[in-house]
Amino acid sequence: MDKKLKIFLGVSYLILLFLFLYFIFTVIEINRLDDFTYYKELQSDLDTFISANVFINIFYFFIFAVIWVALLGFGSPILIISGILFGQIIGTIVSVFSISIGALILYSIGNFFFRDIVKVILEKKFEKYVQLFQKNEFFYFFIYRFVGGLGVPFGLQNLIPILFGMKKLNYFLASILGFIPGFFIINTIGAGLNSYISQAENFSMVELILTPEIYKPILMFSALMIFSFILKKKFFNATN
């Protein structure tokens, strides 16, 4: 494939990315985001729509999530939405696999089209970690996923393995295993939000936080963050 064709395909990809994001954010009623009844209407409509054909809607959501992540979309909204739509267990399974596949596609695209750009932007900042990944790419990438990507924005997290040429199978499997704990907790929060919205008449931050379906996963998430901090210090400090 010659250079001009690569440039053309790369520019086309970026145009599709911006068009996709524009479409997503224009369907949201921004002027009603402070209206609790808007969320109750959405919750009721979504429950009715999802229950009408669960398997087909799981498939649609799966494809959407793959495309979203492949187009540099944020991971957290997908996790909350999957928990709201499908509950903690099914939501976790769907989000783990769809986001892992989307991340793999993004990695493959970035490695083919934007390798030089990624290296210019990220190589100096993450140079001290590259040697660690090269020692055992599966293990360190698993830890990297588990601890939340070292605070790097999710889209860039998926591109960092370009710096050390990670094998795609290792990338995919380490992503799945590393994602599971955090994804389960966030999906649980999403399921709790869905339950709260369906039952509450008016929004109250205090009541929301004190809802068992919310505060329990928040406590789990806090514990996970503490454990992740310990792992960061152990495996990714400057002296390793």
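Here are some notes:
- Counting only residues that are at pLDDT 70 or above and more than 21 Å from the chain's Cα centre (by Cα), segment 8-25 holds 2 of them.
- Counting only residues that are modelled with pLDDT of 85 or more, within 20 Å of Val152 (Cβ to Cβ) and surrounded by fewer than 19 Cβ atoms within 10 Å (Cβ to Cβ), segment 45-75 holds 0 of them.
- Close pairs from segment 59-78: first touching a residue at least 12 places away in the same chain (Cβ under 8 Å), partner assigned to a loop (DSSP other than H, G, I, E, B) and surrounded by 21 or more Cβ atoms within 10 Å (Cβ to Cβ), Cβ under 7 Å, at least 6 apart: Val69/Gly75
- Only listed residue being aliphatic (A, V, I, L, M), over 15 Å from the mean Cα position of the chain (by Cα) and closer than 30 Å to Ser44 by Cβ, chosen from Ile80, Ile90: Ile90
- Residues located in segment 183-210, provided they are among the hydroxyl-bearing types (Ser, Thr, Tyr) and touching a residue at least 60 places away in the same chain (Cβ under 8 Å): Thr188, Ser198
- Counting only helices (runs of 4 or more DSSP H) that sit wholly inside segment 121-240, those with at least 1 residues that are closer than 23 Å to Ile89 by Cα and within 20 Å of the chain's Cα centre (by Cα) are 137-146, 154-157, 168-199, 212-235.
The values are calculated or read from the model by the stated rules, or taken from the named source; none is laboratory data. As the structure is a prediction and not an experimental result, all values here were calculated from the model. Cβ coordinates were reconstructed from backbone atoms using ideal geometry, including for glycine residues, and neighbour counts include every protein chain displayed.
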